[in-house]
Amino acid sequence: MSIVFVNIGLPEARTDRHGESFITAIAKQPTQDTLLLTAEGLVGDDTYDEVHGTPDRAMHVLSHEHYAYFTERAGAPLEHCAFGENLCVSGLTEQEVCVGDIWQLGNAKVQVSMPTERCSTIGRRLHLPAMLKWIHEEMMTGYYLRVLAAGTVNVASSITLLERPHSDWSIDRLNQLLFNQRNRQVMAQACALTELSEEWKQRAWQLYDRAGV
């Protein structure tokens, strides 16, 4: 388990493949600086859409291993931080990480709060409209962290798993339950987990109701 990049960015204007301008903070850039991580996220980072700035979304994490797959699908190298991740990591995929996991991350203490539900902004920024479809085909969504204790983080910081209260509830299992293997009884079990974000639970039931599950 290691950090490959720490990324931060501010909202900026981008242009999609149709030449239309939009504002987003998804195009983050790597930094070598030591940054303070608080319940609001990394100091120096910001979001354009307030939905991404809640305490349960303090830091977005994606596995560096996913880039090889998406580069192959795109047929060309992807821009850095293509998925808007604050933390690009090695060895911590959706299959290997469970909701409720507590990490020592540099001098901060964080907890895995929920899978990331991806939106079309990624494909719009990269001029790859199929990107959202590719993400959901493989469930390479990434996930979010909440901050339990503020502290400093940099690219050389170590990641140590301190606690794993729910070893049966990987991020991948939650993704599959949300999109591919819908089951209200099992979803109710997932939603009984206090460590799982209330935002994710509400969204899950909305999707289930909409699908008539």
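The values are calculated or read from the model by the stated rules, or taken from the named source; none is laboratory data. Since the structure is predicted, the reported quantities are computational estimates derived from the model, not experimental observations. Reconstructed Cβ throughout: ideal geometry from the backbone, glycine too, with neighbour counts over all protein chains shown. These accessible areas exclude ligands, DNA and RNA; they are computed on the full protein's heavy atoms, side chains included. Shrake-Rupley method; radii C 1.70, N 1.55, O 1.52, S 1.80 Å.
Values for this structure:
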| read-out | value |
| --- | --- |
| Taking only Cα atoms of region 128-213, radius of gyration then Dmax in Å | 15.5, 47 |
| Estimated 222 nm signal from helices in the chain, with DSSP H stretches of n ≥ 4 weighted -39500 (n - 2.57), rounded to 500 | -7000 deg cm²/dmol |
| Per residue convex hull volume, Cα atoms of region 164-209, in Å³ | 68 Å³ |
| Region 16-113: trypsin sites (Lys or Arg not before Pro) in DSSP coil with no more than 12 other Cβ atoms inside 10 Å | Arg17 |
| Distant alpha-carbon pairs in region 8-114 (separation over 17 angstrom), percent | 59 percent |
| Karplus (6.51, -1.76, 1.60) ³J(HN,Hα), θ = phi - 60°, over region 121-127, in Hz, Gly and Pro reported as x | 4, 4, x, 5, 5, 8, 6 |
| Two-decimal Rg/Rh across region 72-160, once Rg and the Kirkwood Rh are taken from alpha-carbon atoms | 1.00 |
| The chain, accessible area per residue, ligands and nucleic acids excluded (1.4 Å, Å²) | 46 Å² |
| Built amide H within the under 5 Å cut-off of Val4, gap 5+ | Cys88, Val89, Ser90 |
| Distance histogram in 10 Å bins (all Cα pairs of the chain, percent per bin) | 8, 35, 37, 18, 2 |
| Carbon plus sulfur fraction of accessible area for the chain, probe 1.4 Å, in percent | 48 percent |
| Alpha carbon centroid spacing (whole Å) that separates region 164-213 from region 1-70 | 25 Å |
| For region 161-176, 3J(HN,Hα) per residue [Karplus equation, 6.51 cos²θ - 1.76 cosθ + 1.60, θ = phi - 60°, Hz, x = Gly/Pro] | 6, 9, 9, 9, x, 9, 5, 7, 10, 6, 4, 5, 4, 5, 4, 4 |
